[in-house]
Structures are given as structure tokens and as C-alpha cells.
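Step one of this worksheet: look at the structure below.
The values are calculated or read from the model by the stated rules, or taken from the named source; none is laboratory data. In this text, all values refer to a predicted model and were calculated from it rather than measured experimentally. Don't worry about glycine lacking a Cβ; one is built from the backbone with ideal geometry, like all the others, and counts go over all protein chains shown. Heads up: the accessible areas ignore ligands, DNA and RNA and are worked out on the full protein's heavy atoms, side chains in. Shrake-Rupley method; radii C 1.70, N 1.55, O 1.52, S 1.80 Å.
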Amino acid sequence: ERERGENTSNADDGKGRSKKFSKRMDEEISSDSENESADPNRKQQENEDDEIEETPQEKKLRLAKLYLEQLREEEDKKAEQESFEADLIAGRLQDDVVGPPQLAPDPAEIRLLRGHKLPVTCLVITPDEKYIFSASKDCSIIKWEVESGKKAQKIAGGRKGTEARHVGHTAHVLCMAISSDGKYLASGDMNKLIMIWDPMTCKHLYKFKGHRDAVSGLAFRRGTHTLYSASHDRSIKVWSVDENAYVETLFGHQDMITGLDCLSRERCVTAGGRDRTVRVWKIAEESQLVFHGHEGSIDCIQLINEEHMVTGGDDGSISIWTVNKKKPVSTVKQAHGSHGNTGLEQPYWVSSVAALHNSDIVASGSHNSAVQLWKCGQGFRGLEPLFSVPMTGFVNSLKFSNSGKFLVAGVGQEHRLGRWWRIKEARNGIYIIPLKRQAQEQEVVQ
């Protein structure tokens, strides 16, 4: 079955149509056009008919409309390309000028925000870095003020069976995403539902139904209100939030999808759990690229930039990938060490990964009492440990702020997807970790 899935990616265009079929369609289309050009009399007759029906004024109007439409299309393409290039340049400038975080934070400066009754499963930081949204197994979503650490608002979770009257989630929330302009917040739960909220007021806007199992990954395409969702039903769905509309569904994974991410391009990346594949979905081309690497379930994925991504799995390893190679360019095995009796050691599962966009800094979380920060080597080959931050519990979610000034960890007594272990001494909450940079330190010294 897995081989068949792989063949699909090589020979199909992503929707089950083979290249031969597409080629035949192309040939049919081109042969029709040849027939038309082969009969000039018929074409001339049609043109004459058109001229009879259309007054000069109407013709001018029609041509003007066509011209405007072409201009509009060209402007849209240009704007999209400029936005994409601006993102890349901004990222490079940020990295060149500011430099990556190099120094471990002072434990006294790390803040713990508590409010969830059960383990935190996911979180997002608003683009202006003023607020953090966290969600939990208690079905609630909390909006936190970064500066004060206070709870700004809470979207309460409801009890099972109250779906009809409760505005909000009544099952574990597994994933969240916020649009790059901060206009929409999306959250997905174990009940197959996606909820859309206004991040300013926390008012409920829409509910998207369609997935047949838990919604496990959400991401907005940057600069748009296009939302990608992934699910344990093995599918990816595309939604237009502005229009409150479903767009399309993509298939390919052979097991439940555990994570999804997207940046500016019209494509998203996914981790396929126990099918051990990472996939890049080219939405416009209706095709997918398949990558193989981990020895176990791939549980989390994040894009570092448009060309590179980082994954973590229950085999205890972290891998860096480039979209040009089918295998990881670098892997660290037992990234968080191992546990268990001698001879029966098991690696600590990597439960979360994060990347400081357009830099060479990544972070990973497990349940070995530490969040680990890494620096990618030249050309993203090799991963060097930078420093670790002590943290008790399951690190279920990690996110860098856009500027790289802080890292946020969502922590719980249990893994976000199950109850295999329970760490009683852990606190269910979010940790805000300030990141110091060498450049800043040098300025202070001078």
C-alpha cells in the first residue's frame, strides 16, 4: 500500500490522474486547436458573425475589460512575488543584523503562566508579539498578555454532549493557527471540527466541518486567509476563511497526519506519523513530493524557510530536510537522550519542534526535563546543540516569536496525543523563555 502511495507522487499529478492521462488530454486539446486553424473559412465566418453582432463601442468596451483583467492578473502575480521576496530578504536581514540567540537564558527570567486545568497541547503567538493563545486538553483557549503575563480572555471549553449549545470546543484542542495579519485565529479539535475566531475579541466567527477524524494540524498561508488543515483521517483540506468556504481535499498519506506547516508559497508540508513520510504539497500543480527518513512515527514538523524543514519523531531523532532531497540532510539520534532499564533503553520521544524563520536556529521538546536549542551547520548540514532550558513535563508545543526575542513552550503532565505516561510534578501551563543574543551582550559590556 505504501509503495502505491509513493508511485502516486511520482507518476500522478496528485489527484490520481497519471501523467499519461494528462498527456493524452493535452494532445486532445492541441488536436482540437489544430482542426480549428485548419479551417480558416469557418473561422472567418465566425469573426464576421461576431462583427455583425458587436458595435464598435461594444468592441472597445470588451477589449478594455480584457486589458484591465490582464493588468489585474499581472499585478496580483507581481504582488505575490514581491511579498515572497520581501519575506526572504527580511529574514536574511534579521539574521545578519541581529544574529541568532547564543546564550542560555537566566532561569529566573523564565515565566510560567498557569490557567489550564489539563495539559497544554498547542499555542500561537500573535504577529505583533503582544499576545499568546494557548489551548488544552480541557477544551479551552486562553489569550495571554505577553508583557504582563495576565490572562486577557478565555474561551471556555464545554462538556461532551453540549456541542449544540456551547460556543467553543467540547473535545481536546490539538492545533491552532493565526493569519499573518492577525485577523483570524483557527483551532482544531478531536471532534473533527475547525473553529474560526476573531483574535481581537475572541468572538466565534465560523465552524468548518468536513474532516472524518481529529484535526491535527492547521496553518494559514502567509499574506492570505487561505487555511490548510490536516487530520487523522489522512487528508489535507484547503479552506478560504474570508469566504467561509471549503476549497478542496488532498490525499496521499498512508497513516494519520500528525503535523502541518506553511509559509508564503502556495504549498504546505506535512508529517505522516507511522507512514514515516514527510510530504510537500504543491497546491496549484496538484502534486506532492514524498520524503523518507525517521525510523518511527514522525510526530511534528516545522518549516525553517521555504526550502528547509525540521521534524521530530518517537524514534527520538530530529531531522533537517531540504525540498530538493528525498532523505534528511542531517539527523541527530536520541536528541533528548534515552530512559529505561539497562539493555531496555528507549529514546525520549520528540514531541515538538520549532524554527526561528529564515535563521539557522531550531528548538525541540520532549519529556526529559529540557527544551533543547540547536544551530544548523553550513548549508543546513549538521545540528550543533546550543543550550538547553530546564523544563519539567511534556513539551507539547514550541513557538519562536517572529523577532526571535522569546520562545514559548506549551507544557503538560501528559503527551498531547495520549496518556502513555504522567509526570505528576509537571505544571500545565506555558513558559515564556527570553532569548539573549551575543550582540546585545557585547553592547552592554561596552
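Some observations on this one:
- Within the set I298, I320, I304, the sole residue that is among the β-branched types (V, I, T), closer than 26 Å to G418 by Cβ, in contact with a strand residue (DSSP E or B) (Cβ under 9 Å, 6 or more places away or on another chain) and buried (at least 22 other Cβ atoms within 10 Å of the Cβ) turns out to be I298.
- Among the conditions (1) part of a loop (DSSP other than H, G, I, E, B); (2) among the acidic types (D, E); (3) in contact with a Phe, Trp or Tyr (Cβ under 8 Å, 6 or more places away or on another chain), D299 misses just one, which is (1).
- Conditions (1) within 15 Å of W239 (Cβ to Cβ); (2) assigned to a strand (DSSP E or B); (3) open to solvent by 60 Å² or more (accessible area, probe 1.4 Å); number of the one not met by A177: (3)
- Some residue of the stretch 104-114 being in contact with a strand residue (DSSP E or B) (Cβ under 6 Å, 6 or more places away or on another chain), over 30 Å from W374 (Cβ atoms) and not in a strand (DSSP E or B): no
- The residues of the stretch 135-183 that are in contact (Cβ under 8 Å) with a residue 60 or more places away in the chain, of a type in the set (S, T, Y) and under 19 Å from L260 (Cβ atoms) amount to a single one, S179.
- Among the residues of the stretch 200-257, those identified as among the basic types (K, R), in contact (Cβ under 8 Å) with a residue 12 or more places away in the chain and open to solvent by 50 Å² or more (accessible area, probe 1.4 Å) are K207, K209, R212, R222, R234.
For every residue, the table says whether it meets (1) among the acidic types (D, E); (2) at pLDDT 95 or above.
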| residue | (1), (2) |
| --- | --- |
| F291 | no, yes |
| E295 | yes, no |
| V323 | no, no |
| L344 | no, no |
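- Annotation note: of D95, D87, D106, the sole residue that is closer than 30 Å to I142 by Cα and either modelled with pLDDT under 85 or open to solvent by 90 Å² or more (accessible area, probe 1.4 Å) (or both) is D87.
- Residue count for the stretch 258-285 satisfying the condition of being in contact with a helix residue (DSSP H, G or I) (Cβ under 9 Å, 6 or more places away or on another chain), open to solvent by 20 Å² or more (accessible area, probe 1.4 Å) and in contact (Cβ under 8 Å) with a residue 40 or more places away in the chain: 2.
- Residue among H294, H336, H367, H357 that alone is outside any strand (DSSP E or B) and under 18 Å from the mean Cα position of the chain (by Cα): H357
- Residue in the stretch 372-390 that is of a type in the set (A, V, I, L, M) and without any contact (Cβ under 8 Å) to a residue 60 or more places away in the chain present: no
- Filter pass, K192 being open to solvent by 30 Å² or more (accessible area, probe 1.4 Å), assigned to a loop (DSSP other than H, G, I, E, B) and under 24 Å from G259 (Cβ atoms): yes
- Positions within the stretch 373-389 being under 17 Å from N324 (Cβ atoms) and open to solvent by 50 Å² or more (accessible area, probe 1.4 Å), in sequence order: Q378, G379, R381
- Residues in the stretch 126-164 that are outside any strand (DSSP E or B) and hydrophobic (A, V, I, L, M, F, W, C): C139, V146, A156, A164.
- Residue within the stretch 398-420 that is under 18 Å from H308 (Cα atoms), open to solvent by 10 Å² or more (accessible area, probe 1.4 Å) and small (G, A, S) present: no
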